[in-house]
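Single-structure report; data block below.
Each reported figure results from applying straightforward, stated rules to the coordinates on display, with no laboratory input. Quantities reported herein were computed from a predicted structural model and do not represent experimental measurements. Counting neighbours? That spans all protein chains shown, and the Cβs are built from the backbone with ideal geometry, glycine included.
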Number of protein chains: 4
Amino acid sequence: MYNAICLISCPDRKGLVAKITDFISSNNGNIEHLDQHIDPQSKTFFMRVEWAMDDFNISRNDLDKSFSCIASELGMNYKIYFTDGKPRIAIFVSKLSHCLYDILLRVKSGEYNCDVPLIVSDHTECQSIAESFDIPFYHLPKNSSNISNVEEQELDLLRQYDIDFLVLARYMKIFSDRFVNEFENRMINIHHSFLPAFAGKSPYSQAHARGVKIIGATSHYVTEQLDSGPIIEQDIVRINHSDDVETLRCKGRDLERIVLSRAVRLHLAKKVLVYGNKTVVFD
Amino acid sequence: MYNAICLISCPDRKGLVAKITDFISSNNGNIEHLDQHIDPQSKTFFMRVEWAMDDFNISRNDLDKSFSCIASELGMNYKIYFTDGKPRIAIFVSKLSHCLYDILLRVKSGEYNCDVPLIVSDHTECQSIAESFDIPFYHLPKNSSNISNVEEQELDLLRQYDIDFLVLARYMKIFSDRFVNEFENRMINIHHSFLPAFAGKSPYSQAHARGVKIIGATSHYVTEQLDSGPIIEQDIVRINHSDDVETLRCKGRDLERIVLSRAVRLHLAKKVLVYGNKTVVFD
Amino acid sequence: MYNAICLISCPDRKGLVAKITDFISSNNGNIEHLDQHIDPQSKTFFMRVEWAMDDFNISRNDLDKSFSCIASELGMNYKIYFTDGKPRIAIFVSKLSHCLYDILLRVKSGEYNCDVPLIVSDHTECQSIAESFDIPFYHLPKNSSNISNVEEQELDLLRQYDIDFLVLARYMKIFSDRFVNEFENRMINIHHSFLPAFAGKSPYSQAHARGVKIIGATSHYVTEQLDSGPIIEQDIVRINHSDDVETLRCKGRDLERIVLSRAVRLHLAKKVLVYGNKTVVFD
Amino acid sequence: MYNAICLISCPDRKGLVAKITDFISSNNGNIEHLDQHIDPQSKTFFMRVEWAMDDFNISRNDLDKSFSCIASELGMNYKIYFTDGKPRIAIFVSKLSHCLYDILLRVKSGEYNCDVPLIVSDHTECQSIAESFDIPFYHLPKNSSNISNVEEQELDLLRQYDIDFLVLARYMKIFSDRFVNEFENRMINIHHSFLPAFAGKSPYSQAHARGVKIIGATSHYVTEQLDSGPIIEQDIVRINHSDDVETLRCKGRDLERIVLSRAVRLHLAKKVLVYGNKTVVFD
């Protein structure tokens, strides 16, 4: 008992919804969720449709081939997922452990349906946490002189562990364009500010210096340009004049955990479509 | 250039989405928005679909008849609206004017696409506001002894002005079951608490006495049972120990305006479906 | 029956609170509110203290002179206000009326204790609103060539009407440094973004282009540098991919009204102290 | 280098702030924080004052005796704390571990300045967590027939471990009045609803059945009456028609952790004063 999920984007035209739903229905699939959006500026059509695979006339293995017929006819980009799959996540972390802990506890409690076979860090602070969850931990320190070498090792590990996507859980190093492109729309970062405000270093110090009354956190896909990728989720918390940088960090930690956890949940549920530098989030 | 909107609910079964979208598509309609939900407990299917009527093969006048064929075949409840229609709203108000003003300004600014041909009140405080917006104002004081008589007058006015739905903008009198049933799912009330907490009288005094740290407002359809109808929208604002009942009222007024305005906006956009004592809000 | 409010800032040292409260208490004043903050970086002391003037031994007229003795001894900046005063506000507005309306209705309902004897605009759209509230309206169109001339007229009006502070209720013109300095910490602006993100022109278009999931509004004192003055209040509202720039504007209007109204309320209540480019808000 | 914190409540009268601050100042104490509130209905005065103990003329041991002189003269209830103390917390938990984990991680990261020498549970699900944090775990199953016996054991443990206050981190059993009174204003519970809505059993099911658009969580001191004690903190999260009871539980878990963690933080910082069934929270 599992479902198929199809994510679709293409130029808008008449009859798209009907064609797709007719394909599902005429093959005896029951649609459980359907979300659709048309971007009026670019006249692009986006769709997420999920249907039950029991009694469906097309087998799991043949589905992609069958669907590709109507897809090519209509100029669709699409990707099909099955809900019985368990995505494999690698978590990258530096010194701060709160986001790492948060994700591991959500996996352990069953809130996330995924595996975490691998934790990578440029520091050793989180090693004991990895061990307490029985997850292999790789300590790969990184600096400007060894970056391409280390990234090679990282990519090897990601292949070896058959990783589907990466979560940067307060990982403070930058990746090369080549690495980023390898995991396009499959690397989720948490930045501890309300982007585009306070991109780059020390956002809490920047926020304190500016005297804002609200701080934020932003989860986004990583792109070549720092802290500028498609935003998946943001949230904020109120602060006031009595909060120093340290209490901002403390309040921010709760925010970072929540915002990153929502982005990972949405990504796992295949509810995020990227177009240009933006996201459609069907939630 | 206008759209048709169809709201549908029925027992869930395979092929519903395909049948409906095929009907639209095969008649040359382009679907601009489609939202769908299945309530897993009652296995009920809900849908809101909106499509462009230009180039549509079925005329506006014949649409209902044409659609009724597939609807009866599939056991659907449905209702069709057109976006060029201007719903006619009657506003009921007592002494406090903030919600009344808020709605009138949204209508005036073009944020709401509707007409307000009629304001009814059991007091005279808001008469001058009605006049400044050139809207007929009827002062109909109501008490336990004259209620059925006054409701008769109100119903006459609502018919005479061809009113589609009622907004109770801090109207503090109760309606009879008969009146309520006449406007089932067409009477929107704003209650100044986070329902079901603090139903009934003086919710801000109740909230203050209980020492809550957050107050709320709730917009709902009116049913026979006081403050218990299907909830359309709620929101909250933080308070603290230094807020007395008067500052709660003041903070609450902003909340009431926002929550009521969102509920009216959703209702005008035909984005609310009622089932049992709950709502599906496609937003 | 009225209170005195004293706002104080000075270098921190031992005994400040005791000296000030002893001054009030030994003259038979009952302290009703006292808020205090020490900025640990600059070691600056901030205080707001409010006490009842009935039975107070020092008359209203002598209070400033009496207080100046301890103030000069301790190196204090201070300012004393009385709660029976009615500040006189000038509202500057361009085409959009929602913030103007909001403030006028709060004054009318008694929520704000102030007078609005004057509305200034570079357009005529809001003239009829001013008239309906019986407030003199001055239409002073402004462009790069006439700005110093027009500002002269504006300053004359502000003097003539004995204006205490200015509210820029979506007034879209920039003031000269000279004008700004004349009303230092007495000009409140509403910017329709979550500053420092999207400063300058068309923040909703900027927000839409960036694909943020939350939009904000910021109320701040005007300084020589555009959209960079001390922030008084900010708030946000959630948006999603289906919101176009027009719906952002619509959602933003509600936010702008709320944020500006809170900033004006705080300023009227003498709850805001400015230091450097930040504010202490005692609320 | 540590501070003294004094929490005070008494009938309001002139000169209270001056007397207290003069006591501190004349003994060479520098006031770092001072918050004060007067409840206008009961004419009760509340104060939290914190000052540096270095250079203070009165020793830690003599302070209470010294202060009691002015306190008895003015009819004050008061309690003095020192910031170098480490309160000792016992956590009570049933099956669900998310709040337990959350508190333990905050203690471990240094966010909370306290010790957790003891975890008590009526189930065994959380035993391994206690062990992984090296904290003694006592499994004390409780039912209607053994309750007084088990409470005796619990009280013995609390005495033996010298516990200052209790955190009920989703502990689902009820305490006797006798137990509650022993820890009056020293037992913090998290209830998974926006109280007073949905008190008692299964609040998420209740919320789902009612069709609310927002769910909440409430942290409060435990009193003899179930879910009715003085509220310390509340917060909410938005839901919609597509959330079933299980997703409410999931969203609620994040809320419960945040709300409980804030209440514990406020209690640890001695920022909460209880009066009647309400709290003054100086934050």
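For the reader, a short list of remarks on this structure follows.
- For segment D:204-221, Karplus couplings with θ = phi - 60° (6.51, -1.76, 1.60), whole Hz, Gly/Pro x: 5, 5, 4, 5, 5, 5, 7, x, 5, 9, 8, 10, x, 9, 9, 10, 8, 6
- Hits among aspartates and glutamates - C-alpha to C-alpha of residue D:95 under 13 Å, sequence gap 8 or more where chains match: D:122, D:125
- Here segment B:39-79 and segment C:154-200 have alpha carbon centers that stand 54 Å from each other.
- Largest first, the extents of the alpha carbon coordinates of segment B:154-211 on the three principal axes equal 47, 18, 16 Å.
- Cβ-based charge dipole, segment B:88-281, positive-most Cα from B:123, B:215, B:144: B:215
- Only one residue of B:76, B:190, B:240 has its Cα farthest out toward the positive end of the dipole of chain B, where Lys and Arg carry +1 and Asp and Glu -1 on Cβ, and that residue is B:240.
- Taking the convex hull of Cα positions in segment A:3-82, its mean projected area over all directions (nm²): 4.7
- Compactness of chain D - radius of gyration and Dmax, Cα, Å: 20.6, 63
- Cβ-Cβ FRET estimate between residue D:245 and residue B:228, R0 fixed at 35 Å, reported to 0.05: 0.95
- With θ taken as phi - 60° and the Karplus curve 6.51 cos²θ - 1.76 cosθ + 1.60 applied, the whole-hertz 3J(HN,Hα) list for segment D:239-244 is 10, 9, 4, 7, 7, 8 Hz, x standing for glycine and proline.
- Ellipsoid equivalent to segment B:60-127 - semi-axes via the Cα gyration tensor, in Å: 37, 14, 9
- A cut-off of 5 Å between modelled amide H atoms, ignoring neighbours fewer than 5 places along the same chain, links residue C:44 with C:12, C:39.
- For chain D, a Gaussian network of Cα nodes joined below 10 Å ranks D:98, D:208, D:33 by mean-square fluctuation, and the top entry is D:33.
- Note on segment B:132-283: Cα-Cα pairs beyond 19 Å make up 57% of the total pair count.
- Considering only alpha-carbon pairs that sit under 8 angstrom and 6 or more positions apart, the relative contact order computed for segment D:187-283 is 28 percent.
- The C-alpha atoms of chain B define a longest principal axis, and helix B:16-26 lies at about 70 degrees to it.
- Averaging the Cα positions of each part gives two centres, and for segment B:208-223 and segment B:9-27 these lie 40 Å apart.
- Other-chain or far-sequence residues with amide H under 5 Å of residue D:229's (modelled H): D:223
- Its Cα gyration tensor gives the protein assembly as shown an equivalent ellipsoid; the semi-axes, largest first and in whole Å, are 47, 41, 32.
- Sequence-distant contacts, meaning Cα pairs under 8 Å at least 6 residues apart, place the relative contact order of segment A:24-177 at 21 percent.
- With both labels modelled 7 Å from their Cα along Cα-to-Cβ, the residue D:147 to residue D:27 distance reads 4.4 nm.
- Cβ-defined net charge surrounding residue D:87, 9 Å radius [Lys, Arg +1; Asp, Glu -1]: 0
- Between segment D:240-278 and segment C:91-141, the alpha-carbon center distance in angstrom: 42
- Each listed q (0.26 Å⁻¹) maps to a log10 I(q)/I(0) for segment C:176-256, found by the Debye formula over equal Cα scatterers with no solvent: -1.17.
- Note on B:20-32: average number of Cβ atoms from other chains within 10 Å of each residue's Cβ is 5.
- Taking a straight line from the alpha carbon of residue B:79, these lysines sit under 25 Å away, with near neighbours fewer than eight places off in the same chain left out: A:14, A:19, B:14, B:19, B:43, B:65, B:270, B:271, B:278, D:213.
- Counting Cβ atoms of other protein chains within 10 Å of each Cβ in B:76-82 and taking the mean gives 0.
- Derived scalar couplings ³J(HN,Hα) [segment C:133-148; Karplus, 6.51 cos²θ - 1.76 cosθ + 1.60; whole Hz; x for Gly, Pro]: 9, 6, 10, x, 10, 10, 8, 10, x, 9, 9, 4, 8, 10, 4, 6
- Counting DSSP beta bridges with both ends in segment C:88-281, the antiparallel % (nearest 5): 50
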